[in-house]
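Undergrad: Dumping the structure here so I can ask a few things about it.
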Amino acid sequence: DVDPGAPFLRVGYYDNPPKILRNEQGEPDGFWPALVAELARREGWRLAWVYGSWGELTDKLQRGEIDVLPDVAHTDLRKERFFFNHEIVLVSWSRVYAQPGVRVQTIPDLQGLRVAVLKDSVNYLGEEGIESLLRRFDVSTSFVECDSYEDVFAALAQGRADVGVANKDVGSRYEADFQVSRTPIIFSPASLYFAFAPALRGRDALIERIDQHLVRMKSNNASQ
């Protein structure tokens, strides 16, 4: 039985497979939901999962319509909007993918191409994101903003974009399905955390408990 006095947390999730996604049963699945479920088991939380696009969920988090959003990288703008836990949960990086027939080896090769990106993502607009990288190389492109990583790959498959940007995990999931090819261009290393609504009651204590569990989990994995 769930303690009716236990903390009730509204947790956002979106499609960034295989790390986090809505499965065919319409339920949260992947690494992050499994981690949240384990933390909830240990802490006795009651959970309500809220599905949406990345942009929808970050807006809901800022407004306090959800309490926690997993799978978030630090940026200066996000640190103004949200609070984060302190222990790194995952480390990722991003890659440029190309539709068949588009040969890209280096950043200058992207000149004049249409680049599909996830709207508001760190690998698009972050300090080391593709937009900043192209500017530094003085390479001019047009961006095709997408609401999900699946749509980034669909844009390549449908000819709406020439190349697309995705993190390594989602790229491994989708590259075969959409018959796109990896390019050698890797960039934007990112440490991933939980983000919390600014007005969440008991936020600091919640963050402390989560970090304590993460430290124990990492030490247990390291000792196995």
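The values are calculated or read from the model by the stated rules, or taken from the named source; none is laboratory data. Remember, predicted model here, so these are calculated numbers, not experimental data. As a convention, Cβ positions derive from the backbone with ideal geometry for all residues, glycine included, and neighbour counts pool all protein chains shown. Quick note on the areas: whole protein, heavy atoms, side chains included, nothing else; ligands and nucleic acids left out. Shrake-Rupley method; radii C 1.70, N 1.55, O 1.52, S 1.80 Å.
Undergrad: Between Gln212 and Ala37, what FRET efficiency comes out of the Förster formula 1/(1 + (r/R0)^6) with R0 = 25 Å and r the beta carbon distance, rounded to 0.05? Don't skip to the answer; put the middle values down first.
TA: On the way: r = 18 Å, r/R0 = 0.70.
Computed FRET efficiency for Ala37 and Gln212 comes out at 0.90.
Undergrad: Count neighbours as other Cβ atoms within 10 Å of each site's Cβ, and list the trypsin sites (Lys or Arg not before Pro) in segment 92-193 that are DSSP loop with at most 12 such neighbours. Show your work: numbers first, answer last.
TA: Details: sites: Arg95, Arg103, Arg114, Lys119, Arg135, Arg136, Arg160, Lys168, Arg173, Arg182; in loops: Arg103, Lys119, Arg160.
Counting only loop positions with at most 12 other Cβ atoms within 10 Å, the trypsin sites (Lys or Arg not before Pro) in segment 92-193 are Arg103.
Undergrad: Keeping every protein chain present and rolling a 1.4 Å probe, give me the accessible area per residue for the chain in Å². All intermediate terms of the calculation are to be shown ahead of the outcome.
TA: Details: 11180 Å² over 224 residues.
Per-residue accessible area for the chain comes out at 50 Å².
Undergrad: Looking only at Asp120, Asp147, Asp76, which one moves most when the chain is put into a Gaussian network model with springs between Cα atoms under 10 Å?
TA: Highest fluctuation of the listed residues: Asp76.
Undergrad: Hey, got a sec? Which GluC sites (Glu not before Pro) in segment 91-137 land in a DSSP loop and have at most 14 other Cβ atoms within 10 Å? Show your work: numbers first, answer last.
TA: Working: sites: Glu127, Glu128, Glu131; in loops: Glu127, Glu128.
Taking segment 91-137 and a limit of 14 other Cβ atoms within 10 Å, the loop GluC sites (Glu not before Pro) found are Glu127.
Undergrad: Now for a different question. To the nearest 0.05, how large is the calculated FRET efficiency for Ile186 and Glu145 if R₀ is 22 Å and r is the Cβ-Cβ distance?
TA: Working: r = 22 Å, r/R0 = 0.99.
Computed FRET efficiency for Ile186 and Glu145: 0.50.
Undergrad: Ok, one more. Just one of (1) 184; (2) 158; (3) 135 is volume of the Cα convex hull per residue in Å³ as worked out from the coordinates here. Which one is it?
TA: Looking at volume of the Cα convex hull per residue in Å³ for this model, the match is (3).
Undergrad: Go through Asp177, Asp162, Asp138 and list them by solvent-accessible area, largest first, probe radius 1.4 Å.
TA: Numbers: Asp177 95, Asp162 25, Asp138 130 Å².
Highest to lowest solvent-accessible surface, that is Asp138, Asp177, Asp162.
Undergrad: Moving on to the next point. Compute the label zone of Val91 within segment 184-224: residues whose backbone N is under 13 Å from the point 7 Å along Cα-to-Cβ.
TA: Within reach of a label on Val91: 189-192.
Undergrad: While we're looking at this one, here's another question. Quick check: residue separation of Gln179 and Gln25 times 0.36 nm, minus the Cα distance between them. What number comes out in nm? All intermediate terms of the calculation are to be shown ahead of the outcome.
TA: Working: separation 154, 0.36 × 154 = 55.44 nm, distance 2.58 nm.
Additional length available on full extension: 52.9 nm.
Undergrad: If I model a spin label at Gln158 and Asp204 as a point 7 Å from the Cα along the Cα→Cβ vector, what separation in nanometres do I get?
TA: Going by the 7 Å Cα→Cβ label model, 4.8 nm.
Undergrad: While we're looking at this one, here's another question. Let me have the 222 nm mean residue ellipticity of the chain computed from DSSP H runs of 4+ only, each contributing -39500 (n - 2.57), with the sum over all residues rounded to the nearest 500.
TA: -10000 deg cm²/dmol
Undergrad: Counting only the heavy atoms of the protein chains, how much of Glu150 is accessible to a 1.4 Å probe, in Å² to the nearest 10?
TA: Accessible surface of Glu150 is approximately 90 Å².
Undergrad: Then there's this: Sort His86, His213 from largest to smallest accessible area, using a 1.4 Å probe on the heavy atoms of the protein chains.
TA: Numbers: His86 140, His213 15 Å².
Correct descending sequence by accessible area is His86, His213.
Undergrad: So, one more: For segment 130-224, what is Rg from Cα atoms divided by 2.2 N^0.38 Å, rounded to two decimals?
TA: Working: Rg = 18.8 Å, N = 95, 2.2 N^0.38 = 12.4 Å.
That ratio works out to 1.52.
Undergrad: Note down the relative contact order for the chain as a percent, whole number, built from C-alpha pairs under 8 angstrom at least six residues apart.
TA: 28 percent
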